[in-house]
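Take a look at the structure below.
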Amino acid sequence: MPSPFVYLPGVRLTEAELSAACLDGHLVALGDGYIPADVVETVVLRAASVGHLLGAALAATHESAAWILGRLDEPPARHSVQRAVDRRLHHVVSRRLLYRDPLIEGADLLSIADIRVSTPARTLADLARSPEASSREFARRWAKDRPDDADEAVAWLDRHRSIPHKRGARMLLASVRTS
C-alpha cells in the first residue's frame, strides 16, 4: 500500500502542482516524490518514494539501498536494482535504473514499505566489491563509521564461495576494522 505521506507526480497531483507546493513551502522533494515539509524523513518514506520504479520484481541494491537505509544523504541519479524474482525480466525496465540480472536471494532482502531492499550486510559487501572507486570509498567510510556492519559484511562474504571481487572486498573491510 502506498504511503499517504509520499506524493508521486501524476498520482494525486501533477508535477506542476507538486512543484508549486514546494515553492509555497508545503512539500519537500524526497527521491522521486514529495513529502509534507513537516514530516520527518524516514527509511519507510524513502522506500515508498521509489516504489513505483521497483515494483514487485526488483530490489534496491548498492547506493540505492544505502540511501533507503539512511547511509547516504542524497539518492543516486540512477537507482541500482537487482532481480528479486525467479523469472528473468526480458524488457528494459527504465532508463532511471541500473539493472543487474542475477537473482538476489530472499535471505539478503528486507521489506520496507512493501519495497525490497538489500540488507545492510549485503549492501556493504556489494559496495566493497564494486569496480567503481567511488562505491568502494563509500564502503570504506561506512565500515569505519559502523564497524558492526563491516563485521556482518565480512561474514556475508565468508558465507558465499564464488563471487566476483570477494578478495578485494574482504581486504577493504578488514583494513578498516584494524585501523
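Computed from the coordinates by the stated procedures, all read-outs in this text should not be read as laboratory data. None of these values were measured; they are calculated from a predicted model. Cβ sites come from the backbone with ideal geometry, for glycine too, and all protein chains shown count toward neighbours.
In terms of overall dimensions, region 13-139 has a Cα radius of gyration and Dmax of 15.1, 45 angstrom. Looking at region 42-179 alone, DSSP beta bridges between its own residues are antiparallel in about 55 percent of cases. If you fit an axis through the alpha-carbon atoms of helix 43-54 and take the longest principal axis of the Cα set of the chain, what angle between them do you get, 0 to 90°, nearest 10? Its long axis makes an angle of about 80 degrees.
Which of rounded, prolate, oblate describes region 128-179, given a ≥ b ≥ c as roots of the alpha-carbon gyration tensor eigenvalues and a/c under 1.5 marking rounded, otherwise prolate only if a/b is larger than b/c?
Working: a/c = 1.94, a/b = 1.16, b/c = 1.67.
The shape class here is oblate.
Full extension from residue 133 to residue 95: what is 0.36 nm times the residue separation minus their Cα-Cα distance, to one decimal in nm? Walk me through the intermediate numbers first.
Details: separation 38, 0.36 × 38 = 13.68 nm, distance 2.27 nm.
Gain on stretching residue 133 to residue 95: 11.4 nm.
Between residue 161 and residue 15, the contour length at 0.36 nm per residue exceeds the Cα-Cα span by 47.9 nm. Per-residue Cβ neighbour counts within 10 Å put 11, 6 in the sequence 11, 6, beginning with the fewest.
Here the translational diffusion coefficient of region 78-133 follows from Stokes-Einstein with Rh set to the Kirkwood radius across Cα pairs; for 25 °C and 0.890 mPa s it amounts to 199 µm²/s. Charged neighbours of residue 166, selected by a Cβ distance under 12 Å, balance to +3 (K, R count +1; D, E count -1). Between 142, 156, 67, which gets the highest mean-square fluctuation from a Gaussian network model of the chain, Cα cutoff 10 Å? Sorting by GNM fluctuation, first place goes to 156.
Can you tell me the relative contact order of the chain? Whole percent, Cα pairs under 8 Å, sequence separation 6 or more. Dividing the mean separation by the residue count of the chain yields 16 percent.
Below 8 Å between Cα atoms, with a sequence gap of 6+, how large is the relative contact order for region 110-179 in percent? Write down the numbers at each step before the final one.
On the way: 67 pairs, mean separation 24.0, N = 70.
Reported as a whole number, the value is 34 percent.
In this label model, residue 37 and residue 141 are separated by 2.9 nm, measuring between points 7 Å along each Cα→Cβ vector.
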